[in-house]
Amino acid sequence: MTTDTPNPKHDNIPSKRLSRRNRLTALCGAIVLVLLVIGGIVIHQHSITHKVDSDQGDEYLEGRKYEAIVWITSDGYLPSTLRIHRDTVVFWENHDKTKHRIMFTPGEKQPLNFDQTHDISSDQQYGARFMSDGTYHYHDLLNQKLNGTIIVSGN
């Protein structure tokens, strides 16, 4: 003979397992969410702040729409040709053990307020804002075999 009366001992077992499973799922979800938030903050901070080793002033680099990074290596610039939008700040980041100095070709287009006497030491950056369309040719004054080009076009 079967009865419809609930048995408290047996009815609680499945709900406890489900509850533990839900808690574990919620905990894993919370950990993933925290990691995503922390990762997003770190990526966001890296994209808007740079340790710029320069005397350009913060107001020069603030309010930019776009930015790009060119790596300086012993073998050259990566990328050696960069296409960007107008109002982009390009950072040269030195991944070499020796210092480098970016020099734009005399008599050709020059970026705004760029100090061509500034050395970029190892693990440092230096930035320039490009406000005008055109092609900008540059080289390393301390290592003449390193050449690069920046092509700027409208927004």
Taking Lys and Arg as +1 and Asp and Glu as -1, residues besides residue 134 with C-beta under 9 Å from its C-beta add up to -1
Taking the square root of 5λ for each eigenvalue of the C-alpha gyration tensor of the stretch 58-153, the equivalent ellipsoid has semi-axes, largest first and in whole angstrom, of 20, 15, 12
The stretch 70-118: spread of alpha-carbon positions along the three principal axes, whole Å, largest first, is 29, 23, 16
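Hey, what does the equivalent ellipsoid look like for the stretch 104-145, semi-axes from the Cα gyration tensor as sqrt of 5 times each eigenvalue, largest first, whole Å?
19, 14, 8
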With label points set 7 Å from each Cα along the Cα-to-Cβ direction at residue 135 and residue 81, the distance between them in nm comes to 0.8
A chain fully extended from residue 21 to residue 121 at 0.36 nm per residue, minus the present Cα-Cα distance, gains in nm 30.6 nm
Net charge near residue 75 (other residues with Cβ under 14 Å of its Cβ; Lys, Arg +1; Asp, Glu -1) is 0
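No value in this document is a laboratory result; all are computed from the given coordinates. Computed from a prediction, not measured in an experiment: that's the story for all the values here. Cβ sites come from the backbone with ideal geometry, for glycine too, and all protein chains shown count toward neighbours.
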